[in-house]
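Following: one structure in structure tokens, then a few remarks.
Every number in this text was worked out from the coordinates using simple rules, so none of it is lab data. These numbers were taken from a predicted model, which means no experiment stands behind them. Glycine also receives a Cβ, built like all others from the backbone with ideal geometry; neighbour counts cover every protein chain displayed.
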Amino acid sequence: MGGPSTAHWVSRLPEGQIERVAGGPTTARGLQYHRRGHVDRIEWLDDDSLRGHLRIVDHTTSEVREFRTTVTPATDDSGTPSWNSTCTCRVKNHCAHAVGVLAGAREMLRGLPEEEDDDGSPEWERRLAPVTAAVVTRDEEAPQSPVVDQSGVKDALALEFTARSGAPVTMRVRRRTPDGIWTGQGANWTDLREPHRRLSEPQRLALVALDRANPVRQSRFDTPQASLSLESMGVEVWSLLQRIVASGVTLLMADGRDLVLADELIAAMHLDTTESSGLVLRPAAYRLGAADEDVEVPVPGIVRPVGDPTHGITVSDAGTVTMGPLVSELSPGARQLLLDPRPVRIPEGDRIRFFTTHLPALRRTMPVRTSDTVVVPEVEPPRLRMVATYREGHTTWIDWSWLYPAGDEVRVVSLADHGIPGFRQLEAEQRVLDRLARGPLGERPGLLPTIAGRPRLASPVSLVGMGAATFTEHCLPWLERCEDVDVVVHGEIPEYGPAIGDPVVHVALDERTEERDWFDLDVAITVDGENVPLSEVVRGLARGDERLLLASGTYFSLKTPALDRLRELVEESRALVDRETGKLRVSVYHVALFDQLASLGVIDRQAARFAERVGALRAALTPDAVASAAVVPSGLQAELRPYQAEGLRWASTLWDAKLGGILADDMGLGKTVQVIALLERARERGDLDGPVLVVAPTSVVGAWAEQLEQFAPQLRAVTVSETESRRLREGGDSLPALVADADVVLTSYTLLRLGEESYTDIAWRALILDEAQFVKNHRAKTYQVVRRMERDFTLAMTGTPLENSLMDLWSLLSLTAPMLYPLPQDFSVDFRTPIEVGGDRVRLAGLRRTITPFVLRRTKEAVASDLPPKQEQTLVVPMNPAHRRVYDRHLQRERMRVMGLLDDLPNNQVAVLSALTTLRQMALSPAMLDDQYAQIEPSKVEVVVEHLTELASGGHRALVFSQFTRYLKQVRDALEKAGIATEYLDGSTRDRQERLQRFRSGGTTAFCISLKAGGFGITLTEADYVYVLDPWWNPAAEAQAIDRTHRIGQERPVMVYRLVAADSIEEKVRDLQQRKRDLFARVVDDGEAFGSALTADDLRALLS
């Protein structure tokens, strides 16, 4: 069984190990949890692990969050003791809750006090503080056989001791000359190392053994050592001295005093009274009486310890020095007392505290002898004191302490006070706790946890809500009747009681004046006429609470089917919550939700327009009406073109059959919206029993997120934007936890490759591969990761399913329809070589017939009549790491410079303009500001080159716009380096018409144009794609640029792409565009002054 012991693994954790595992911020937060009493119980499990329970209260909302944490022992890679943990929180491992449990456990295990500086306590108390350490018992020495001197008459040897006051005792050798004089000549420790005809061999060997036991060794180059220190010797010195005496060596004192070598001595503290009725403690020594006498004989003199740890003592008085080994070794604290010759004086006023606390501890450390004048009072059995403090918000703080009566005083000891171990009557305390466990307190493990099978009190404890109510109703009256407990109450005790009636659900539906198709759904609950916040009911149900406490002190049961169903409906409709108002926003398509809510309670209000629309909708849901309705899912917030609806039908057939396919439509035909429609159809059919993973290039992931929100907000989408290891280091969730409640998970091919284990461990409902040419190489790691993933359905999206070889097509088919052509070598032999090398038409026809059901390919020419005149899309492009670092550094610099200028905006227009321009340029390309960044490839340039490479292969042409000519030249150079024929036009161009004509004649694919030079006055209908590289936030100017190609004479659909740098000033300004469309134009266009519509708050948002 585990239990609170100083030998427990928690106490053996090295200093700093908790912080090394959890990190500094997490450790600080966990220690705060412990200090604030959030750890309300700790259990010591049989496997030596700890299981802790935490309750964390938000006093502003009265919300209580509960966590359960298990902490287990471990060792790190170097073999150092460490720890692991699991928790019900989002972090899961090595969280702040685990740190709080460890801190609580270590406090329980704390058995010995730490030395502290002068904190105002009496001197005697500080003097006795070191003696609380445990006594160490010395092992018995094996008896040494005496050495008998059998030699003839030779020069006699002596061992001379020097003992000066306060100085260590030293020993040196002396030889007696024939005329009876003791001399050191020829008898130092070095001289004894070799035999000598004038010295007794047994005596020499006995002294040499003592010399060799000296821990301070000398080299042969040092001056010969004259004396040895007795106090530096180990415990074996006493047996060596006995051997020396047995060999005939004389022991003598240098100052002529008598020397007594005792067999065993006792070091003690002698307690006596003073004339002022105080107490005094002095070191004392005793030797045992005769074998037939059970007495101790005092040895007078000053006591000084020998050895560290202390294994012997010397006792010096005027005529005699007595020395010898101790019965048991002394603790370091006891040794410190012996080293200090001053008596310890306890004033009369401190006698009771000394008797109840320090004396028992001192007796545990070393013997204490008392004079006949000292009367030690008997300490009465302990009592418990409970202080209950009632505060606002139904919060009650419980603090326990022990009361120790002694004489006329009462000693108050907190539960965690182990500073003076030994005085507390632990068995008596435990008997009181056992009696508490048999009462209502025993049913509250948060107040009286069980540790190692015995009840222990938790203190202090914060009770909130129903915890405070239950304690007040059931525990407090019982404790007041308990004979062993003194109850103290601070504050006013609230009146708690159960509700008389059941909770009533009220449903109301109001029109939204700004949106005709949407209505505000209000759900409320009342109990006995008192309003109950819906959020508190939902949180209580989610936590599994049995009752909910209201502000008045009334509480009611949450264990009703109606409230359980209400929580389910609220959770299901979470996506309908308006972020600004916090209300549920519903339309007629959510009539089922309204009906289910209405069935739980009372309809207070119902908008007339909603009732009318619902009636019409019910009529439309009759069997006959459903049969003739379109199959496009109702939740899709987009209108599909006929060819897109056909694509949905094709993909849905494959989905239902759990077969995969390749959607190979030409670029710009809306493959994304077709797939979103497919996923929304699956959601509505209840066919999303697991998350769908969408993998796309990094530059496209943001567009996916926006289109999911735009076209299918009901789909719960989660974007994975960093690796698993980085997310966990920053305190985020693991991938399974992150996607647990998601319908669609968005990630990039890079993150998929780097997080192979995380993604392959999840069972996916479906896998969508956008720009699937990224996995065309079946030998690459990304392809292998995709191949290993578990899923029911796979759809690849690409405008170029075959780029270099038929093996590109095989790679995609092996992922989408893996059983079609299982082995690449067989496919190469059967199709690739015959078709590519031999031009085998029969094989080609057979391949087409086989793959036709699984590959859908439409070109723009084939579906041109169905295309809209113009389609627009925003691409949010992440910066590459090097670009991001430089941008963030400049953002911090410009933010610090500008924020101080905003208080006087009219006089700082130029400085603010400069800062915004710097950040816009830095978001495009750091090299625009400093040539030292020329090696950093701008992220948008990579995206444009990628797009135009695909456009060139399909015969499309594009216009590329930017306001910054230096950046535009970078784009031109990159396109030409990629082999894409490019024209360039800016304000400095002299042969403007010649360049326009070259583009119109079809000789080039891309035309890079600056806004000032090409924003108006030219017609370029030869292009059917437009790329806006840096938004200038003027809708009129933007429309003019796009209209260079989207105008009369354009025979092809125009695709417009706006590129925005992720997490940059461009995104911030784009968010402001809807309510301040002309904001950016006023800031930067032609250096005009700020208009009245521009505020400092707008600029703060741009720089946030």
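What list of ³J(HN,Hα) values in whole Hz, one per residue of region 17-23 in order, does the Karplus curve 6.51 cos²θ - 1.76 cosθ + 1.60 (θ = phi - 60°) give from phi, with Gly and Pro shown as x?
Here the 3J(HN,Hα) series is 5, 4, 6, 5, 7, 8, x Hz.
Applying a 10 Å radius around every beta-carbon, put 976-983, 310-317 in order of their mean neighbour count, most first. Mind dumping the intermediate values first?
On the way: 976-983: 15.4, 310-317: 22.6.
With the highest mean Cβ count within 10 Å placed first, the list reads 310-317, 976-983.
Mean separation of Cα pairs under 8 Å and 6+ residues apart, divided by the residue count of region 642-865: what relative contact order is that in percent?
Relative CO of region 642-865 lands at 27 percent.
Arrange the following residues from fewest to most other Cβ atoms within 10 Å of their Cβ: Thr560, Thr357, Thr472. Intermediate results must be reported in sequence, preceding the final value.
Details: Thr560 14, Thr357 26, Thr472 21.
Fewest to most other Cβ atoms nearby, the residues stand as Thr560, Thr472, Thr357.
Most exposed first by the Cβ proxy, i.e. fewest other Cβ within 10 Å, how do Asp666, Asp340 rank? It would help to have the intermediate numbers written out before the result.
Details: Asp666 18, Asp340 10.
The order, fewest Cβ neighbours first, is Asp340, Asp666.
Once you have a ≥ b ≥ c as the square roots of the Cα gyration tensor eigenvalues for region 383-490, tell me rounded if a/c is under 1.5, and otherwise prolate or oblate according to whether a/b is larger than b/c. Don't skip to the end; give the middle numbers.
Numbers: a/c = 1.78, a/b = 1.48, b/c = 1.21.
Prolate.
Express the relative contact order of region 383-490 as a whole percentage, based on alpha carbon pairs under 8 Å and six or more residues apart in sequence. The partial results should precede the final answer.
On the way: 147 pairs, mean separation 41.2, N = 108.
Contact order relative to length: 38 percent.
In which sequence would Asp58, Asp272 go, from the one with the fewest C-beta neighbours within 10 Å to the one with the most? List each step's numbers first, then the result.
Values: Asp58 11, Asp272 17.
Arranged by neighbour count, lowest to highest, Asp58, Asp272 become Asp58, Asp272.
With a cut-off of 8 Å between alpha carbons and a minimum separation of six or more residues, what is the relative contact order of region 663-729 in percent? Mind showing how you got there, number by number?
Working: 21 pairs, mean separation 22.2, N = 67.
It rounds to 33 percent for region 663-729.
How many nm is it between the label spots at Ser914 and Gln873, if each spot is 7 Å from the Cα in line with the beta carbon?
The answer from the label model is 4.1 nm.
A 32 angstrom limit on the alpha carbon distance is what I want to check against. Which of Lys781/Lys969; Lys92/Lys781; Lys870/Lys1068; Lys870/Lys1012; Lys671/Lys781 exceed it? All intermediate terms of the calculation are to be shown ahead of the outcome.
On the way: Lys781/Lys969 35 Å; Lys92/Lys781 29 Å; Lys870/Lys1068 26 Å; Lys870/Lys1012 23 Å; Lys671/Lys781 26 Å.
Exceeds cut-off: Lys781/Lys969.
Mind listing the long-range amide H neighbours of Trp83? Cut-off is under 5 Å, sequence gap 5 or more, other chains count too, H placed in the peptide plane at 1.01 Å from N.
Those qualifying (amide H under 5 Å, at least 5 residues apart or on another chain) are Ala74.
Measure off 7 Å from each Cα along the Cα-to-Cβ vector at Leu205 and Glu480, then give the distance between these two points in nanometres to one decimal.
Taking the two extended label points, one gets 8.5 nm.
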